[in-house]
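Take a look at the structure set out below.
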Amino acid sequence: MDPVAVYVHTPFCPSKCGYCDFNSYAMEGEIIKRTVHAMLAEIDRTPHFGRPAKTIFFGGGTPTFLESQDLARLLEAVMRAHPPTPGCEITSEANPGTVDAEKFASMREAGFNRISIGAQSFFDEDLIRLGRVHRSGEIERAVANASNAGFDNINVDLMFALPGQSKKAWCENLQRAIALGTEHLSLYCLTIEENTPFYKEFLKGLLDLPSDFGQVEMYEQACEAAEEAGFNQYEISNFAKPGKECVHNLCYWNCEEYVAYGPGAVERVGNRRWTHVKHPRLYCERVEANEDLACESETLDSKTLRFERIMLGLRLNEGVDIQVAKPDAQGLQQAIERGWITTEGDRMKLTALGKHYCNQAVVLVA
Ligand code: SF4
């Protein structure tokens, strides 16, 4: 059996951030224990039992909102079902407000070897505006605690184009993130998603967002600062020290298969992609009754797979293999003429300009 990427979705957070449209719930108490129990049962009876793990990734939600013992039990179950391949990258996302030295030590002991810290900003006013539970000082502490616990592969997530954010403030955020000395940076533009409190504020004109031009400038600031600090940009929003690229996310961008567990988790094996029922209570009921966990399921035809291979692969700096992706020849020519795409040997990739027109370039060539 080929090794596969394994994703585990823990859907709980201490509170819900104003911009968040992830499958996450501000719940506490018995439902958390019940969900962990159901996830353990789901993993134990997976049809993929025995298929080795190429990578394991705990995301959410906030995995570190779970108690250390529950995180360890879940990872143990995953490793029983999916024996990790040598050097297997095992990541957990971590919210700085939900971790301490003891929790990181216990996670390292359990087998996690990579931590992704959701910092988002070093300014408390931004963190309050975003609805985050942590404050700036907790970011440095979280990185130091993770490092002291033995983690030598740490990512920091930051967001730009926040309400009221200036270029100067973004620049300071970048410098403070770089000064932490971590191996990886994920630098994302805030997107306003429907069905979020931020979307309602946006419709009422209450969100003071940077202009499109301002966002482009902030993105360019990010790329320059990361490069100067020795990070290689390997994906539109991701920057790594040599050899520290996120192997799990590379599996997604390379359109590989992934097995997934937990409420709302999405799995793709073969041509089938399906989504677990999203609400934790419904998920628990289905697992406990041994019923089908899917709320959506689709069979990916060759046209869809081709589109996704191009859409995801173009996000990577190394681009996509033209022989494999088989782009539309006329569309590719147009994208080259517009300066969005360049070709090098068998590969096509976005240019620096093309990174600002990624979606339009994909529509042309796919
Ligand atoms: S911590 Fe992350 S998953 Fe949880 S509410 Fe905030 S953005 Fe959503």
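The values are calculated or read from the model by the stated rules, or taken from the named source; none is laboratory data. In this text the structure is predicted, and so the values were computed from the model without any measurement. With ideal geometry, Cβ positions are generated from the backbone for all residues, glycine too; neighbour counts draw on all protein chains shown.
Details
- Flag for E42 being within 16 Å of the ligand (Cβ to nearest atom), of a type in the set (D, E) and not in a loop (DSSP other than H, G, I, E, B): no
- Filter result for T182 (farther than 24 Å from L350 by Cβ and under 18 Å from the mean Cα position of the chain (by Cα)): yes
- Subset of the range 329-358 (residues that are part of a loop (DSSP other than H, G, I, E, B) and within 29 Å of H248 (Cα to Cα)): W340, G345, D346, T351, A352, L353
- Selection status of F239, within 21 Å of the chain's Cα centre (by Cα), assigned to a strand (DSSP E or B) and buried (at least 19 other Cβ atoms within 10 Å of the Cβ): yes
- Unique residue being in contact (Cβ under 8 Å) with a residue 24 or more places away in the chain and more than 22 Å from the chain's Cα centre (by Cα) when the list is D44, D70: D44
- Test: residue in the range 211-221 that is hydrophobic (A, V, I, L, M, F, W, C), modelled with pLDDT of 95 or more, in the same structural domain as P63 (by TED's automatic domain parsing) and buried (at least 16 other Cβ atoms within 10 Å of the Cβ): yes
- When the criteria are applied in full, A110 meets the requirement of being over 14 Å from E140 (Cβ atoms), in contact with a helix residue (DSSP H, G or I) (Cβ under 9 Å, 6 or more places away or on another chain) and among the small types (G, A, S).
- Residue in the range 14-32 that is more than 16 Å from the ligand (Cβ to nearest atom), more than 23 Å from H134 (Cα to Cα) and free of Cβ contacts under 8 Å to residues at least 24 places away in the same chain present: yes
- Condition check for F49: under 21 Å from C251 (Cα atoms), surrounded by fewer than 22 Cβ atoms within 10 Å (Cβ to Cβ) and within 16 Å of the ligand (Cβ to nearest atom): no
- Near pairs, Cβ below 6 angstrom, 6+ apart or cross-chain, from the range 314-337 (over 16 Å from Q360 (Cβ atoms)) to any residue that is modelled with pLDDT under 95 and assigned to a loop (DSSP other than H, G, I, E, B): D321/D346; I322/D346; Q323/D346
- Selection count where residues are under 16 Å from I341 (Cβ atoms), in a strand (DSSP E or B) and of a type in the set (A, V, I, L, M), scope the range 281-324: 2
- Test result for G118, within 14 Å of the ligand (Cβ to nearest atom) and on the phi > 0 side of the Ramachandran plot: no
- Members of the range 16-35 that are farther than 15 Å from E194 by Cβ and among the small types (G, A, S): S24, A26, G29
- Of L250, L282, L300, L293, all but one fail to be over 24 Å from P63 (Cα atoms) and out of contact with any Gly (no Cβ under 8 Å at 6 or more places or on another chain); the exception is L300.
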